[in-house]
Amino acid sequence: MKLIFIVACLFLAANFASTQSKTNSDLVTQRTEERLSFQSGDPWTPRINLNADVAMAYGIGPRLPSLVQSWRDHGYIVDLMTGSAWGGYQDYLDGKFDGTNHWDQAQTDSAGNHIVHGGNPTVPYISPGAAYGQYLSVGVKRALDLGVQAVSLEEPEFWARSGGEDNFKREWKAYYHEDWEPPDSSPDAQYRASKLKYYLYRRALGQVFDSVAAYGKAHGRTVPCYVATHSLINYSTWRIVSPESSLIGVGTAGYIAQVWTGTARVPNMYDGKLAQRTFETAFLEYGVMQNLVRASGRRIWYLNDPVADSPNNTWDDYRSNWQSTLTASLLQPEVWRYEVMPWPKRVFNGMHPATEEDAEKLRRGSSVNPTGAARTTPPPKLTVPMKGIPPVYATELQTVIAALGDMKQADVRWEVAGTRGAGVLVSDTMMFERAAPQPSDQYLGSFYGLAMPLVMRGVPVDPVQIESATAPGFLSHYKLLFLTYEGQKPPTPEFHAALANWVRNSGALVVVDNDDDPYNAVREWWNTAPNSYKTPREHLFAQLHIPIDGAGLFHVGRGMVLSERVSPAALTYQPDGGDTLRGYARQAAAAAHLRWSETNAFVLRRGPYIVDAGLDEPVPGAAPVMLHGHFVDLFDADLPVLTTVTLTPGTRDLLFDLDYKRTASAMPRVVVAACQVRDVHATARRLTFAAEGIADTNAVVRIQSRLKPTSVSIGGKILSPYDYKFEDGTILLRFANAVDPVPVEVSF
């Protein structure tokens, strides 16, 4: 028995070494936690040798086996990602899967046009019948047979303007036991159509989750299933219905929050001005995704994208917006897992216009119009100068990726921020009111009218998921909540019971609603026996025992309710709409004895890392926030050491604090690196490590040391003192990245 045990251990060790050959013990620990991931439809090459734990091989088509093997051969944990609503699924549509033609499951608008992905008429968005979940399950099983360790289903999306396809009509009859109504025939029909769309993708993904669970049980494996999804805010803005929070109830182990330049720079209205507010929008998008899992404890990753789906922008444009979204993601204190990029090939091998003038020419001639629909006539063919990723951006990306893997810190705290504990209540039903005949505000003002004025003045407000509010203790995280039923509705009366209890236990609730939303009259629980309320707000006020038409301030138990009978969307069109909303917040905070504060910036400490953002609308009369110390700037490829950082409007920083818990006798250490650093050994007189990175890029490494080096060698070559810098108690090294480990040795 002892011999068998030893042989088994040797076999397991050999197998582990073969699949983890590029790692050391520190990275093995990190990979067990799966902190960093990326998705790729291409095999490994030296140009996409990312410093990450998990490679998600994309798609369930014939290329999958070679993709899985390629990334596994280079030491990555390999997962599967595949599309939920679209993909190369012609075998399903054409009847090769089960002998039945399924083109009647192509999403169709009211005019009978298929809604297609990326302008490709052969790739429609799917209106999922029961067979579709079975089809996805079969494809996923092929990946499981290849040994993938997790499954991510991407973007379960039902367009709000769809619902004319034959499959949807059949599903309507089965779900409602009534004949189909055109979704654009009335608000009630539109709301009911969206509820059905929400259900159909929950059913389809639930089928896959159940199939994977059964496979895992049969094979003695635990295979988690995740959903890669845009935020509720973005889907509502883009007029898409997706099952979002309900997927927790059918088996998802968590989410990948697909927030990036493409979602965050969609313009919104604030103080009467329509503009892109990339940082603020991303902050709210990441926030709603984090809030989605808070009650369940499920896992979440935040996506960052250094480029974007649109190819028609300059590298400077991509970099600026990436820094804004990345900063917003890092300002969410509870999250430390990241998808560092989708499609690394398009980042490191992509070509984009050389100047903004060239970019504008391409945008004007794009094959897709501003609404996302394909043009009816071919665009003019344009040729402009293009260039690949700038070397400094390639270096910066590798610096930041290495830092992202270190964001699981015990010491995470706000150093500069306004009033904490504020939230805006949001429901998945926000997606149900976005299409004809009477869609909610085109810029989603019912949400942004409540949230944007707070973010603009440094209040780290959370979008708070209504569907989670009934979980024990969920609302206790908050002291001040904002609510409207303009543009959304409460899915169950149980939410009102939980909210009323929170108010009575010293919560401050601000209700901003004028009851003009036409969707108040849809057939729902608040106006169906035994209830007979005109609006869900009336039901809430009845639970709070305050006049159902009441306006003003009401004390309820140890808490209070401020009722303002105005439209939050209307506030966004007013030059002083933000001030009006903040006035409500101050009044409620004062009544609840909650200290109200606003700031010019966000500053969050994550161990030795400092994440900061200077806000675009500073507090009038307040001086800019300034940071003093010794900081390495990770958003600069040269990794300079800064002693003062001033947070002016638009500032975005990721800094390493050299003074954080540093003692005079500390050993030399690598603090920041534009490469993967492995096999680190340090004594008072010697530091060695191996560096590995993306081919044809530059590595820059900052080492902290109290002693000046006596010699430095890279790749076995002794450097001249002129080939490195010793300053501010640090050593700066520069060398060419390589996929094979480069040995570095520093003596003191």
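The values are calculated or read from the model by the stated rules, or taken from the named source; none is laboratory data. As the structure is a computational prediction, the values presented were derived from the model and not from experiment. Backbone-built Cβ (ideal geometry, glycine too); neighbour counts: all protein chains shown. Accessible surface is based on the protein model in full, side chains and every heavy atom, while ligands, DNA and RNA are left aside. Shrake-Rupley method; radii C 1.70, N 1.55, O 1.52, S 1.80 Å.
Taking 45 Å as R0, compute the FRET efficiency from the Cβ-Cβ separation of ASP638 and ARG63 and round it to 0.05. Efficiency computed from Cβ-Cβ geometry: 0.70. Here the chain has 54 percent of its accessible surface on carbon and sulfur atoms, given a 1.4 Å probe and all protein chains in place. With a Förster radius of 30 Å, plug the Cβ-Cβ distance of MET626 and ASP576 into 1/(1 + (r/R0)^6) and report the FRET value to the nearest 0.05. Using R0 = 30 Å, I get an efficiency of 0.50. Label separation (MET667 vs SER720): 3.3 nm, computed from points 7 Å beyond Cα along the C-beta direction. Between PHE748 and MET351, the simple spin-label model (points 7 angstrom out along Cα→Cβ) gives 4.9 nm. Comparing region 601-656 with the 2.2 N^0.38 Å rule of thumb, its C-alpha radius of gyration ratio is 1.11 (two decimals). Normalised per residue, the accessible area of the chain is 38 Å², obtained with a 1.4 Å probe and no contribution from ligands, DNA or RNA. In order along region 258-266, the Karplus-derived 3J(HN,Hα) couplings, from 6.51 cos²θ - 1.76 cosθ + 1.60 at θ = phi - 60°, round to 7, 10, 6, 3, x, 8, 6, 9, 5 Hz, and Gly and Pro are given as x. Between region 40-116 and region 261-289, how far is it from one alpha carbon centroid to the other, in angstrom? Here the answer is 30 Å between Cα centres. A Förster radius of 22 Å, combined with the Cβ-Cβ distance separating ALA111 from LYS173, puts the computed FRET efficiency at roughly 0.50.
List the residues whose amide H sits under 5 Å from the amide H of THR599, counting only those 5 or more places along or on another chain, with H placed 1.01 Å from N in the peptide plane. Amide H to amide H, under 5 Å and 5 or more residues apart or across chains, THR599 pairs with GLY418, GLY458, VAL459. The equivalent ellipsoid of region 86-211 has semi-axes of 26, 16, 13 Å, largest first, where each one is the square root of 5 times an eigenvalue of the Cα gyration tensor. The residues packed around GLY629, meaning those with a beta-carbon under 10 Å from its beta-carbon, carry a net charge of -2 if Lys and Arg are +1 and Asp and Glu are -1. Taken one residue at a time, the phi angles of region 522-534 give Karplus couplings (6.51, -1.76, 1.60, θ = phi - 60°) of 5, 6, 9, 4, 6, 10, 10, 3, x, 8, 8, 8, 6 Hz. Gly and Pro are set to x. A protection proxy built from the mean count of other Cβ atoms within 10 Å ranks the segments 613-620, 521-528, 326-333, most packed first, as 326-333, 613-620, 521-528. For the listed peptides 684-694, 635-645, a ranking on the average number of other beta carbons within 10 Å per residue, highest first, reads 684-694, 635-645. Pairs of Cα atoms nearer than 8 Å and 6+ residues apart set the relative contact order; for region 669-747 it is 39 percent.
Any idea what log10 I(q)/I(0) is at q = 0.11, 0.15, 0.22, 0.25 Å⁻¹ for region 535-619, Debye with uniform C-alpha scatterers and no solvent? Taking Cα atoms of region 535-619 as identical point scatterers yields -0.48, -0.77, -1.11, -1.23.
Between the helical axis of 64-73 and the longest alpha-carbon principal axis of the chain there is an angle of about 40 degrees. Dividing the mean sequence gap of close Cα pairs (under 8 Å, 6+ apart) by how many residues the chain holds gives a relative contact order of 11 percent.
When each of the peptides 246-259, 84-97 is scored by the mean number of other C-beta atoms lying within 10 Å of its residues, the order from highest to lowest reads 246-259, 84-97.
The stretch between LEU146 and VAL619 holds 164.7 nm of extra length on full extension. This uses 0.36 nm per residue minus the Cα-Cα distance.
Label sites at THR122 and ASP516, each approximated as a point 7 angstrom past Cα along Cα to Cβ, lie 5.0 nm apart.
Kirkwood radius, region 283-359, all distinct C-alpha pairs, inverse of mean reciprocal distance: 13.8 Å.
The phi torsions of region 511-521, fed into the Karplus equation with coefficients 6.51, -1.76 and 1.60 and a -60° offset, translate into couplings of 9, 10, 6, 9, 6, 8, 5, x, 6, 4, 9 Hz, rounded to whole numbers, with Gly and Pro shown as x. Max-minus-min Cα coordinates of region 669-747 on each principal axis give 32, 25, 22 Å, with the largest extent listed first.
Along its first, second and third principal axes, ordered by size, the chain spans 82, 70, 69 Å in Cα coordinates. Against the chain, whose longest principal axis comes from its Cα atoms, helix 315-330 is set at around 80 degrees.
For the chain, take the longest principal axis of its alpha carbons; what is the angle in degrees between that and the long axis of helix 187-219, to the nearest 10 within 0 to 90? Approximately 40 degrees, to the nearest 10. You can think of it this way: the chain between GLU334 and ASP411 has 26.6 nm of extra reach, that is 0.36 nm per residue less the Cα-Cα gap.
Translational diffusion coefficient of region 239-288 (Stokes-Einstein, Kirkwood radius from Cα pairs, 37 °C, 0.692 mPa s): 259 µm²/s.
Close amide-amide hydrogen proximity is noted between TRP301 and TYR255, ILE256, ALA257, each under 5 Å apart and 5 or more residues distant or on a separate chain (H modeled in the peptide plane; Pro and chain starts excluded).
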